[in-house]
């Protein structure tokens, strides 16, 4: 997992340098696709089941809708833990821009397979998340997020899992 995290960090740094070099060109173009690379700690509140995680999320700005809840757009993503758990999800997020700070709450149902990790009681799980990100450039953001995954008592048991992540967001 440390090798993967190191490779991800190198990739993130490379993307940020690339974004600074291309920031003048990107002012002309509207960036419609956002990729969110993230890494962090899955189920940090359970000492026996805590494990590192690595993931990717996609969001398409072209599909956003303005509503009384803010700017809504669909998301889809996946993350893996070092204990071979996987969560594949799709849902919706809202964006609230406050200058250089963006607050992004989201909700996403998805498929969870616990592998060698924590059994959450069901393969259908629901992820609620809040993310705060800061503008590094017009097309690059760095943030932190917290999520909770639960099956809403639809499964045999519902222990839930709390996670925190470092996010690197890149608009293309």
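The values are calculated or read from the model by the stated rules, or taken from the named source; none is laboratory data. Treat the numbers as computed from the prediction; the structure is a model and nothing was measured. Here the Cβ is made from the backbone with ideal geometry for all residues, glycine too, and neighbour counts use every protein chain on show.
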Using the structure shown, decide if residue 137 is within 20 Å of residue 100 (Cα to Cα) and over 15 Å from the mean Cα position of the chain (by Cα). yes
With modelled with pLDDT of 95 or more and assigned to a loop (DSSP other than H, G, I, E, B) as the only criterion, which of 91, 121 stands out? 121
Apart from one, (1) within 19 Å of the chain's Cα centre (by Cα); (2) closer than 22 Å to residue 33 by Cα all hold for residue 66; the odd one out is (1)
Taking the residues in the range 115-125 that are free of Cβ contacts under 8 Å to residues at least 40 places away in the same chain and surrounded by 19 or more Cβ atoms within 10 Å (Cβ to Cβ) as candidates, determine which candidate is nearest to residue 169 (Cα to Cα). 125
Inter-residue pairs, beta-carbon under 6 Å, first on the phi > 0 side of the Ramachandran plot and in the range 138-153, second surrounded by 15 or more Cβ atoms within 10 Å (Cβ to Cβ) and in a strand (DSSP E or B), 6+ apart: 152/126
Out of the residues in the range 71-93 that are over 20 Å from residue 119 (Cβ atoms) and under 13 Å from the mean Cα position of the chain (by Cα), which is surrounded by the most Cβ atoms within 10 Å (Cβ to Cβ)? 93
Regarding the range 149-171, can at least one residue be identified that is modelled with pLDDT under 95, within 20 Å of residue 39 (Cβ to Cβ) and touching a strand residue (DSSP E or B) at 6+ places or on another chain (Cβ under 9 Å)? yes
